[in-house]
1. Identify, from the list 408, 479, 426, 389, the residue that is more than 23 Å from residue 359 (Cα to Cα) and either charged (D, E, K, R) or in contact with an Asp or Glu (Cβ under 8 Å, 6 or more places away or on another chain) (or both).
2. Out of the stretch 218-230, which residues are within 11 Å of the ligand (Cβ to nearest atom) and open to solvent by less than 10 Å² (accessible area, probe 1.4 Å)?
3. Counting only residues that are touching a strand residue (DSSP E or B) at 6+ places or on another chain (Cβ under 9 Å) and open to solvent by 60 Å² or more (accessible area, probe 1.4 Å), how many does the stretch 97-117 have?
4. Restricting to the stretch 39-60, give me the number of residues that are of a type outside the set (Asp, Glu) and either open to solvent by 40 Å² or more (accessible area, probe 1.4 Å) or modelled with pLDDT under 95 (or both).
5. May I ask you to list the residues in the stretch 1-18 that are away from the ligand (no atom under 12 Å from the Cβ) and either at pLDDT 95 or above or open to solvent by less than 10 Å² (accessible area, probe 1.4 Å) (or both)?
6. With the condition kept exactly as written, say whether any residue in the stretch 300-318 is part of a helix (DSSP H, G or I), within 23 Å of residue 36 (Cβ to Cβ) and without any contact (Cβ under 8 Å) to a residue 12 or more places away in the chain.
7. All but one of (1) within 16 Å of the ligand (Cβ to nearest atom); (2) out of contact with any strand residue (DSSP E or B) (no Cβ under 8 Å at 6 or more places or on another chain); (3) more than 26 Å from residue 189 (Cβ to Cβ) hold for residue 69, so report the exception by its number.
8. Can you name the residue in the stretch 434-445 that is assigned to a helix (DSSP H, G or I) and without any contact (Cβ under 8 Å) to a residue 24 or more places away in the chain and is also least open to solvent (accessible area, probe 1.4 Å) among such residues?
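The values are calculated or read from the model by the stated rules, or taken from the named source; none is laboratory data. As the structure is a prediction and not an experimental result, all values here were calculated from the model. Cβ atoms come from the backbone with ideal geometry, glycine included; neighbour counts cover every protein chain shown. These accessible areas exclude ligands, DNA and RNA; they are computed on the full protein's heavy atoms, side chains included. Shrake-Rupley method; radii C 1.70, N 1.55, O 1.52, S 1.80 Å.
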Amino acid sequence: MSLFQQPIRVRMAPSPTGFLHIGGARTALFNYLFAKHYKGTFVLRIEDTDKERSTKGYEKAIIEDLGWLGVEWDEGPLKEGSYGPYYQSQRIPTYQKYLKKLEALSKVYPCYCTAEELETERQDLLKRHKTPRYLGKCRNLTQQERKALEAQGRVPVIRFKIDETEPIQFHDLIRGDISVDPTILGDFVISKGDGWPLYNFAAVVDDCEMKISHVIRGEEHISNTPRQILLAKTLGLTLPQYAHVSIILAPDRSKLSKRHGATSVGEYRKMGFLPQALKNYLALLGWNPGDEREMMGEEELAKDFVIERMVKSPAIFDVEKLKWMNGMYIRNSSVEAMTKETLPFLESYGLEIQNKKMPWLNSIIETVRGSVDTLDQIGPAAELFFDEKFSLNAEAKTYLVQNKDKAKEILKTLDDLLAKTPLLEKEEFQKLQAELKEKVDASDKKILFQVQRVAVTGRLKGPEMNMIMPILGVDSCRKRIHITQSALS
Ligand code: GLU
């Protein structure tokens, strides 16, 4: 089957039963890039038929995180298209229509087994080293038996009958030909007693109804595919092509989980990762451009995102690599854009930014961004520019005490020179330093610089003084020198 037989339509189908995880975001991104590359349509469908576990809160968070990541859908919530509604909870009549069709074909039956009965069957099969599956206890119940069970108050679920014995074969665009023995599947539940569908049934109906041409999803769904194929074939629906992308593992090659650190997109957002960096990094988990390139913007990714370059071997989620990439984006993006992204982080770090001018904030970001990997590291790096945070740290105090007399002389001279300097741009700073050198004994250049650094930043280390002092300006420098002087007296 050619890749391009029909209009290209792909989808991301999250269940709002949790936050958007790295794996889900990667699936969304792959579908998005695939649609962009092949000039197709990307659909977002909310699979909210699990009434107990789905919440509006999770749904909102998923939509927000996808929006933040810049993985935008062409059809779906807030973007109506011709195949809506895009919430499965609003499509119940559609599933019921298909369920009737299956009933008419005698392909379904009600099952009254309790959870305990099913568990006993499962354990029994496991003990006998057999694949756990439903053995069909309720398959051939008579009407009378059904009535009797219902009279006991049992509410049935609906199971799909698997009569096939021939292998179910399909071609996976990443994994090649796959063949599954249908006898290991067991009759599976497609609908609850209240008429609401379960995942496999609703997903296959919607994939077909929404004219999805390619189902690109995580490897963990591969076992669902034969069930979906059987349902589609029975219903006479046209099947999409399947592509199951590699699983994402932690560096120790175990399943990525909480114990490896943050796993949801929202957590990375809060830690100060940039959407463009996360997007770039996720794109390389299970796909590669075929060469050494790593830093790739969205347009470049979409241009090169051919399905042939998706790989089936597990992808390793290495947060250190992601941090490195994020740092690269922080340094290489425009300062103005980075300042805008950083403001909420400065604020939550407790820095007073309300009355500050943008050019001033820009120069701070420009000065400190070389030393950070995430936006939340900018607050601690930038606080030295905020007068209200100024204080001498212990190391700085010790240094001053050890060089007390010299420090006093340097600070007095510096303060006098600053008093005569109306503006402190980089040029004036150089002039100031030259004059300072003339006025005090500058045989030990290190002390000369270090005393100034300590006095205006309160620390022994930090960015270049020719960056810091012009940003602080005359008033702030003098205020700090005075505080330091009184600590010395
Ligand atoms: N609702 C399913 C999930 O969140 C979708 C799986 C699929 O893409 O078919 O895992």
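1. Exactly one residue qualifies, and that residue is 408.
2. Hits for the stretch 218-230 are 218, 225, 228.
3. Of the stretch 97-117, the ones touching a strand residue (DSSP E or B) at 6+ places or on another chain (Cβ under 9 Å) are 98-99, 102-103, 107-113.
Filter again for open to solvent by 60 Å² or more (accessible area, probe 1.4 Å), leaving 103.
Of the residues in the stretch 97-117, 1 are touching a strand residue (DSSP E or B) at 6+ places or on another chain (Cβ under 9 Å) and open to solvent by 60 Å² or more (accessible area, probe 1.4 Å).
4. The number of residues fulfilling the criteria is 8.
5. 8, 9
6. yes
7. (1)
8. The residue in question is 434.
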